[in-house]
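Structure first, then comments.
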Amino acid sequence: MTRIRRIDADLYESAKICLIRQIRGLSTMATSHPSAAAVRPAPGAAAYLALAFGVLCIGLSAIFVKLAGVPGPVSAFYRVFFAVVLLTPWWLLRRRALPSRRVLLATAFGGFFFAADLVLWNSAILLTDAGVATLLANNAPIWVGLAAWLFLHERLTANFWIGLTLSMVGMVLIVGVSGSLFTGSGLGNLMAVGASLLYAAYLLTTQRVRARMDTTTFMMLSMAVGVVLLLPICLAWDLPLVGFSPTTWAALLALGIVSQLGGWLSINYALGHIQATQVSVTLLAQAVVTTLVAIPVLGELPAPLQIVGGVMVLGGIYWVYRGRDRH
């Protein structure tokens with residue numbers, strides 16, 4: 001989190017104003033800070049539909065990682081690599097101008113956080129139970145909320161914390177309360193917790209730079225950073241990059257097209273219209289998606305408590321939005 005605070009003061013102040021205004025709805029901030037970016041309009045249906053589609057896409061990522069069965073850095077590399085290959089022609093045709101050097105630096109930080117998150121989370125899925133890894137890695141709303149409170153001095157509503165608590169309890173029920181949370185590999189669990197910290201850092205960084213950059217350019221640049229970082233890691237660790245089975249290649253390609261390109265294009269679009277704290281809680285629903293899709297694909301039937309947990313996660317998301325609508 002300290003790295004986030006080191007982003008230049010102007011970008012920090014602009015993001016701070018933008019986030020505080022979304023939560024508190026203070027119209028007087030524009031006159032007291034004339035240099036701040038203009039207030040974005042209230043999120044429309046397109047933003048929420050994009051967020052829902054993005055959650056569906058990333059909810060499939062754990063299944064793709066399991067089906068691929070390759071080391072975490074390898075699946076992370078191909079996830080961003082395939083997405084970059086497919087997105088580059090579109091980005092070049094649109095001829096978007098590059099942002100300022102300061103915004104590029106913030107984007108590079110976002111790419112670093114996301115690449116590191118993928119490495120830890122993909123590795124955690126292979127070392128411990130996938131449900132446990134997903135639960136621990138999705139603690140990001142806690143870190144996002146605390147960062148907003150500590151660093152941006154935001155006063156989050158009571159409904160946000162109620163909804164967050166309800167969602168987290170639901171996540172525990174999805175995984176199971178019979179002790180499975182503590183019986184997986186300790187290293188895998190630790191990696192998942194580390195991934196949640198990096199995930200939160202990525203969400204906050206994305207919120208800031210999206211005010212200065214369109215979705216396509218941000219995705220292109222941040223994923224390119226991921227490719228540049230992950231390829232040397234795979235080569236240095238002598239990890240296999242070729243010679244996979246058709247099933248593995250199909251899973252890796254799906255990670256790039258469905259989870260990365262489709263999922264994060266939609267989510268990053270939503271982050272340009274919806275505040276990071278709300279988006280981060282909504283992303284908890286990916287565990288519900290994973291559980292439902294695992295029934296036909298992996299033959300994993302959810303237990304009754306897991307179904308109750310899924311309902312609680314959705315209920316928690318509703319409470320977060322209910323608090324937003326009252327402000």
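Do any chymotrypsin sites (Phe, Trp or Tyr not before Pro) in region 220-327 lie in a loop, going by DSSP, with at most 16 other beta-carbon atoms within 10 Å of their beta carbon, and if so which?
Details: sites: Trp237, Phe244, Trp249, Trp264, Tyr269, Tyr318, Trp319, Tyr321; in loops: Trp237, Phe244.
Filter output for region 220-327: Trp237.
Diffusion coefficient (Stokes-Einstein, Kirkwood radius over C-alpha pairs, 4 °C, 1.567 mPa s) for region 76-150: 86 µm²/s, rounded to a whole number.
Using per-residue counts of other Cβ atoms within 10 Å, averaged over each peptide, order 293-301, 67-75 from highest down.
Values: 293-301: 12.4, 67-75: 21.0.
Highest to lowest by the protection proxy: 67-75, 293-301.
Pair-distance distribution P(r) for region 46-325, from all Cα-Cα distances in 10 Å bins starting at 0: 7, 30, 38, 21, 4, 0 percent.
Every number in this text was worked out from the coordinates using simple rules, so none of it is lab data. As the structure is a computational prediction, the values presented were derived from the model and not from experiment. Quick reminder, even Gly has a Cβ in these numbers, built from the backbone with ideal geometry, and neighbours come from all protein chains shown.
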